[in-house]
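The block underneath contains the structure these notes are about, expressed in structure tokens.
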Ligand SMILES: Cc1cc2nc3c(=O)[nH]c(=O)nc-3n(C[C@H](O)[C@H](O)[C@H](O)COP(=O)(O)O)c2cc1C
Ligand code: SF4
């Protein structure tokens, strides 16, 4: 492992030299044309190969409907020209919200989601032309261990975990969620998916990443009963939910899943990890899971890894500056980026024709386009996903489409300030490139957090 270093490359050649020096598997190309190619996803076609990854703003209305800030965010994403927008984590039950302002789709507010979709589709077409039909996917979630629907943590866990219980105030004698709760929860996913279809989304994602409930179920080696123990049991909730959602929504509705292929969390509490060294992936089970997911007939996948709440957030999102209380990684960010790329590549290979959206690109700044195009060209992924880059520079796809590249003065600088707002319990976005809106919200979140501590 090489020493940690902040991004300091002003040219393609300098970055390439560093990649070669470290010997990491990150390819670059000057030919950005692969990013412009349409991609078939289920029965729809994304107009290009660039996707916005799900990025939660923690800023819905208290009833779970999209607020003005949510409308603003998605209109910016839509007019930015990406071929696919993967809308952020949206709770399927009120007790599964990760924060009081997380989106929560339900019968009473489905009309507000429909208005959002209509507006976003118009924003995309007004800017990119009437043939630009953005594929819109809603991520459905239950926050499990990280549920905090009102003010304080209200964890719902599938298993106890000596590392993760104390931070959320859990004791060994506290109950885990019952099989009956999980059986009923599958139906709530189905209801939310049917509502998302009614609102005009092209599909839904059954979220199974970042150690929220369905992700932690994949790792529930110590749970008893039909949702724990063997891989078949641990995958049961995800696979059955996909099948039930398919039955209720029909063949034309896209079903996706974004799942953790590597938790970077000690065995037996982590998924996809080496039993002796949890910082090393062991992909035996994740590859078997990928095969099982493929068999359910999903239309779209995305891999992720890590637990953004625990020690090693760079497994999910490599950064220059960590949020408060997080150590600097003991590796070079290019090594972190290369690990994420290699996981996507393996999942795409196993997924065959089913498109996989790659991630972990934002640390590369404007060169994400060069790395993304290279990954598309060699078949490592079928779409290139932008996370923090989309907060900072929602027009990045448009600039790639119309100007042939990205403006370095507009890119995300991986400062973790958007994560920090989340940790303080505030409403988040890019503090650096969208400062007029988000510097006041950063200051507000810090003030409230510090006052709350006194
Ligand atoms: C503020 C913030 C909110 C996020 N919200 C979500 C989310 O709702 N769902 C999800 O799957 N990932 C979420 N992520 C993870 C991103 O989708 C993405 O995987 C990660 O940031 C790495 O991609 P990047 O390097 O392009 O930022 C979030 C990340 C950040 C920083
Ligand atoms: S605050 Fe902006 S620049 Fe900093 S990490 Fe978030 S999106 Fe990137």
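For the pair residue 321 and residue 446, the difference between a 0.36 nm per residue extended length and the Cα-Cα distance amounts to 43.2 nm.
For the chain, give the share of DSSP beta bridges that are antiparallel, in percent and rounded to the nearest 5; count only bridges with both residues there.
On the way: 4 of 36 bridges.
Antiparallel bridges: around 10 percent, rounded to the nearest 5.
Peptides 350-356, 333-339 ranked from most to least packed give 333-339, 350-356, packing being the mean of other C-beta atoms within 10 angstrom over each peptide's residues. Available extension along the chain between residue 224 and residue 291 is 21.7 nm, counting 0.36 nm per residue and deducting the alpha carbon span. Cα centroid separation, segment 78-94 to segment 290-319: 17 Å. Distance from the alpha carbon centroid of segment 103-137 to that of segment 164-220 works out to 25 angstrom. With a simple spin-label model that places each label point 7 Å from the Cα along the Cα-to-Cβ direction, the separation between residue 11 and residue 436 comes to 3.6 nm. Taking only the Cα atoms of segment 48-104, the ratio Rg/Rh comes out at 1.01, with Rh defined as the Kirkwood radius. Each of 178, 451, 290 was scored by other Cβ atoms within 10 Å of its Cβ. Listed from fewest to most, they are 451, 178, 290.
Eigen-decomposition of the gyration tensor built on the alpha-carbon atoms of the chain gives equivalent ellipsoid semi-axes of 29, 25, 24 angstrom, largest listed first.
Take the Kirkwood radius over Cα pairs of segment 229-281, plug it into Stokes-Einstein at 20 °C and 1.002 mPa s, and you get 166 µm²/s for translational diffusion. Peptides 83-96, 206-219, 162-175, 294-307 ordered by packing proxy, namely the average of other Cβ atoms within 10 Å per residue, highest first: 206-219, 83-96, 294-307, 162-175. When you count the other C-beta atoms within 10 angstrom of each residue and take the mean per peptide, 431-439, 193-201 line up highest first as 193-201, 431-439. A Cα-only calculation for segment 3-123 places Rg and Dmax at 19.2, 56 Å. Relative contact order, whole percent, for the chain stands at 17, derived from Cα pairs under 8 Å and 6 or more residues apart. Where only DSSP H runs of four or more residues are counted, the chain gives -12000 deg cm²/dmol as its mean residue ellipticity at 222 nm, each run worth -39500 (n - 2.57). With viscosity 0.890 mPa s and temperature 25 °C, the Kirkwood radius over alpha carbon pairs of segment 209-363 converts through Stokes-Einstein to a diffusion coefficient of 153 µm²/s.
Between rounded, prolate and oblate, where does segment 115-248 land on the alpha carbon gyration tensor, with a ≥ b ≥ c its root eigenvalues, rounded for a/c under 1.5, else prolate if a/b exceeds b/c? Prolate is the answer for segment 115-248, as a/c is 1.5 or above and a/b outweighs b/c.
Read-outs: derived from the displayed coordinates by stated rules, not from any lab. Every value quoted in this text rests on a predicted model; they were computed, and no experiment measured them. Glycine gets a Cβ as well: all are built from the backbone with ideal geometry, and neighbour counts include every protein chain shown.
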